[in-house]
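Colleague: To start, I am sharing the structure in question, which I have written as structure tokens.
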């Protein structure tokens, strides 16, 4: 029997995604199309596994382009592997769509594939279902036994670093808000500045190469997805330490510096989510060589504070004046 | 900094699920609580990976009990591993909820844990998000290199079998429908019959042990999730063969036989989804010993037809009269 009409939608969706994301890997013994994928983990490597969901209207604006969603869903998950120092290998995609929209699926698959190609990542499983737009991705990667970065190794005296720049994605989200008090001012800004921030929101770059550089050298690591203070707080809790950070040391992009004053920048940098930079700790003695290696990997890092005994994250400015913890930029179950 | 109030919901949910599903496995080097889990796949084994989504109102009635959902989300995914002949090991859960409902989460986790314990399966990753109720589970298991069952090995002349009984879940869904034309008749039926069918809908039993028995002996295998004719059709397509099945040979439970006439039974058995039995093919010579071993594993199987050259699934009755293919019981993107 040919599949019923009702089937065609689902199987076409999977086939379209497969066609646009096909990537041959010798370690994929069986990919999409059977009841499960069959995969070979290299000897001596541990499997690193993580899952993340993006819900329309909660994790991204409803009018986000499908290609950006495909990219971002993968980037957000690869960022978790990066924070472990793992090498990405495979992904399984669960895509829930209001209707079988071939154009949406094609664009989504193109965005996903553009990032997957950079990491030779193969899509090995999928499920498409009907319902409110929701994307859940599970990513699988490898890390040599004993080499993974975790949140739990920071010690008092370690320095705190962050890769790249902070606050751009939250500022980009603000730039998309036509109801914002300063919307007119932002729309009148020189060409390219708003766009640069919005691109950081829609097409984040997971710091996979930097995670590999940090293996065996950072004492603890986490990716900044919910906001610097919140995520560094998780790292501190897992390590049983506290942290002090200098808000004036936080790395900012030229676009952020140009478009926003110090107060707005601080809110975006301390509390804004969706940066997907790595926040890590390391002994001061290791810093010079480590920072050089990170810069050579394509994304440098900046020292933003230090680990102290105790608990919690305290923020101060360059003169040592305490700064109140920010409102979170991103809220689940608010 | 302690997590903001907005954080607490998410982290409490994960903790509650973890507390109720905690299971120590030596191959889990790092479980829930960091950016990714770290897992050890045994030497010589391939990783089997599958993902499936359940959307409220699409894959289950909106008033399904949370504990049943926890069980069913896992069962549906374990059924995919069973169809590959894989041994379940780990799962990652992405749970999207309209609000942080502690009672729902506790019941969901209890249902999930009840089935997870049977297979010593560990929950190693999770993401809880806010949005319309959607459950995506990714399951990971092992199968020795070269031993996996696939959909692709059926040959003309092989017999077609199915484990357990067919049609109960679709009949159970019908029994829950108070607007059905025969609702009064069904409600007046002897105690336990309706309940038995509804239990098959809400608490399906994945045929994991039977998948292990079939390894190296079945020529092809698939689980019956979308309906027998549709799923056997997928197996035939992957194998490049056709199938002929005898509708009067389809195994039926006592409850199904008691409550429904032949016409209704046929519709449930041929087109109804959610059975999660295994449909497999094997050479006739292997059947007697194989059927004995399956019965000893706790769930026997029944011969329902044979594989033929060509394509598609043809259905006939015991007298050889052709039966029209059924309407599918379950439709995505209808």
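Only the coordinates and a few stated rules stand behind these numbers; no lab work does. Owing to the predicted nature of the structure, the values given are computational and were not obtained by experimental measurement. Positions of Cβ are backbone-derived with ideal geometry, glycine not excepted, and every protein chain shown enters the neighbour counts.
Colleague: By the gyration tensor of its Cα atoms, with a ≥ b ≥ c the square roots of the eigenvalues, what is the shape of the range B:79-234: rounded for a/c under 1.5, prolate for a/b over b/c, or oblate?
Modeller: oblate
Colleague: Between copies, how far does the label point of residue A:27 sit from its twins, in nm, shortest first, when each point is 7 Å from Cα along Cα→Cβ?
Modeller: Shortest to longest, the spacings are 1.6 nm.
Colleague: From the P(r) of chain A, could you give the percentage of C-alpha pairs in the tail past 27 Å?
Modeller: Of all Cα-Cα pairs in chain A, 47 percent lie more than 27 Å apart.
Colleague: Separate question: To one decimal in nm, how far is residue A:321 from the same spot in the other copies, if labels go 7 Å from Cα toward Cβ? Please give the shortest first.
Modeller: 9.2
Colleague: What number in nm² do you get for the protein assembly as shown if you take the convex hull of its Cα atoms and divide its surface by four?
Modeller: Mean projected area of the Cα convex hull: 30.0 nm².
Colleague: While we're on this one: Expressed as an acute angle from 0 to 90° and rounded to the nearest 10, what is the orientation of the C-alpha long axis of helix B:5-21 relative to the principal long axis of chain B?
Modeller: The answer is roughly 50 degrees.
Colleague: Any chance you could give the angle, 0 to 90 degrees and rounded to 10, that helix A:66-84 forms with the longest Cα principal axis of chain A?
Modeller: 60
Colleague: Based on C-alpha coordinates, I'd like the Rg and Dmax of the range A:5-144, in Å.
Modeller: 14.5, 47
Colleague: May I ask you to sort A:63, A:223 by Cβ crowding, counting other Cβ atoms within 10 Å and putting the fewest first?
Modeller: So the ranking, lowest neighbour count to highest, is A:63, A:223.
Colleague: So what is the relative contact order for chain B, in percent, with contacts set as C-alpha pairs under 8 Å and at least six apart?
Modeller: Relative contact order of chain B: 22 percent.
Colleague: From the label point of residue B:287, set 7 Å from Cα along Cα→Cβ, how far away are the matching label points in the other copies, in nm, ordered shortest to longest?
Modeller: Values, ascending and in nm: 7.6.
Colleague: Which value at 222 nm does the protein assembly as shown reach when only helices count, each DSSP H run of 4 or more adding -39,500 (n - 2.57), with the total divided by all residues and rounded to the nearest 500 deg cm²/dmol?
Modeller: It lands at -11000 deg cm²/dmol.
Colleague: If we count other beta carbons within 10 Å of each Cβ, what is the order of B:208, A:224, fewest first?
Modeller: The fewest-first ordering by Cβ neighbours comes to B:208, A:224.
Colleague: Shifting gears a bit: Tell me the relative contact order for the range B:7-144 as a rounded percent, counting alpha carbon contacts under 8 Å between residues six or more apart.
Modeller: Relative contact order comes out at 41 percent.
Colleague: While we're on this one: Given the options A:273, A:211, A:292, state which has the largest fluctuation in a GNM of chain A using a 10 Å cut-off (strictly under) for Cα springs.
Modeller: Highest fluctuation of the listed residues: A:292.
Colleague: Just B:180, B:243, B:209 to compare: in a GNM of chain B, with alpha carbon springs under 10 Å, which one fluctuates most?
Modeller: Fluctuation is largest for B:180.
Colleague: Sticking with this one: Between 0 and 90 degrees, rounded to the nearest ten: what's the tilt of helix B:262-271 against the longest Cα principal axis of chain B?
Modeller: With both axes taken from Cα atoms, the answer is about 50 degrees.
Colleague: Here is a further query. May I ask you to sort A:72, A:120 by Cβ crowding, counting other Cβ atoms within 10 Å and putting the fewest first?
Modeller: Sorted ascending by nearby Cβ count, the order is A:120, A:72.
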